[in-house]
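Everything on this sheet refers to the single structure shown next.
The values are calculated or read from the model by the stated rules, or taken from the named source; none is laboratory data. Computed from a predicted structure; not experimentally measured. No Cβ is skipped: glycine too gets one built from the backbone with ideal geometry, and neighbour counts run over all protein chains shown.
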Amino acid sequence: MFHNTFQSGLLSILYSIGSKPLQIWDKQVKNGSIKRISDEDIQSLVIEIAGANVSTTYISCPIDPTKTLGIKLPFFVMIVKNLKKYFTFEIQILDDKGVKRRFRASNYQSSTRVKPFICTMPMRLDDGWNQIQFNLADFTKRAYGTNYVETLRVQIHANCRLRRVCFADRLYSEEELPAEFKLYLPISGGSGSKAQVEPKAPATGLVDY
């Protein structure tokens, strides 16, 4: 999708306030819902993904399963609300060995596990709104000893509320971000929490085939 796009700075693939926020996303719903609602904390429109089973209600990008995103920016950033229910998301990447690998983070897993084609890891979220920052280049190197080339696909499952999903060439401070990329919390006056998705095991102890 973005193979022929010049990529630098911030590249957004979902913005909940846009006219068609899920235009490039496929939606799968079973015993759940995917809808745009107004969030009481930030007094703004957000995408809510809710379901009884996290595996059967989700959005994925791109829509066509035979196509890929082709995003080379190494940082994945997601502004997400903790609904205090099971929640997971998955990113498929390509490394410099030509291997497709998946990183799956979830708030119901306690330890990191690395298998040849998938790495699953715990995710800790604060109450309310969080900004998840995921260093794909670092994860690829630590888990597989290879180099990150590009992101192929993103899949976000129930249960969460989304404000923004984007990629970045580096981590940006709050002051550096354009206004539309900031998360304003008008009621509390705060700016949300930053959550790092971190493997608990050191790099040398990650691999568990």
Can you find even one residue in the stretch 46-55 that is assigned to a loop (DSSP other than H, G, I, E, B), surrounded by fewer than 20 Cβ atoms within 10 Å (Cβ to Cβ), among the β-branched types (Val, Ile, Thr) and out of contact with any helix residue (DSSP H, G or I) (no Cβ under 8 Å at 6 or more places or on another chain)? no
Is one or more of the residues making up the stretch 13-36 part of a strand (DSSP E or B) and closer than 25 Å to Asp138 by Cα? yes
In the stretch 87-99, is there at least one residue being within 15 Å of the chain's Cα centre (by Cα), without any contact (Cβ under 8 Å) to a residue 60 or more places away in the chain and not in a strand (DSSP E or B)? no
The stretch 173-201 - residue that is within 19 Å of Pro74 (Cβ to Cβ), not in a loop (DSSP other than H, G, I, E, B) and not small (Gly, Ala, Ser) and, of those, modelled with the lowest pLDDT: Gln196
Just the residues that are part of a loop (DSSP other than H, G, I, E, B) and at negative phi, please, taken from the stretch 71-86. Lys72, Leu73, Pro74, Leu83, Lys85, Tyr86
Count, please, the residues in the stretch 100-125 that happen to be over 21 Å from Ser60 (Cβ atoms), basic (Lys, Arg) and not in a loop (DSSP other than H, G, I, E, B). 1
Ile42 vs. criteria touching a strand residue (DSSP E or B) at 6+ places or on another chain (Cβ under 9 Å), assigned to a strand (DSSP E or B) and of a type in the set (Val, Ile, Thr): no
Matching residues, the stretch 137-172, being of a type outside the set (D, E, K, R), under 24 Å from Pro21 (Cα atoms) and outside any loop (DSSP other than H, G, I, E, B): Thr151, Leu152, Val154, Gln155, Ile156, His157, Cys160, Leu162, Val165, Cys166, Phe167, Ala168
So which residues in the stretch 22-44 are at pLDDT below 95 and in contact with a Lys or Arg (Cβ under 9 Å, 6 or more places away or on another chain)? Asp41, Ile42, Ser44
Close pairs from the stretch 52-77: first in contact (Cβ under 8 Å) with a residue 60 or more places away in the chain and closer than 17 Å to Gly9 by Cβ, partner in a strand (DSSP E or B) and of a type in the set (Lys, Arg), Cβ under 8 Å, at least 6 apart: Leu69/Arg153; Val77/Arg164
Tell me, which residue of the stretch 115-148 that is within 22 Å of Tyr172 (Cα to Cα) and of a type in the set (A, V, I, L, M) is surrounded by the fewest Cβ atoms within 10 Å (Cβ to Cβ)? Ala137
What tally of residues in the stretch 85-111 results from selecting those that are buried (at least 22 other Cβ atoms within 10 Å of the Cβ) and of a type outside the set (A, V, I, L, M)? 4
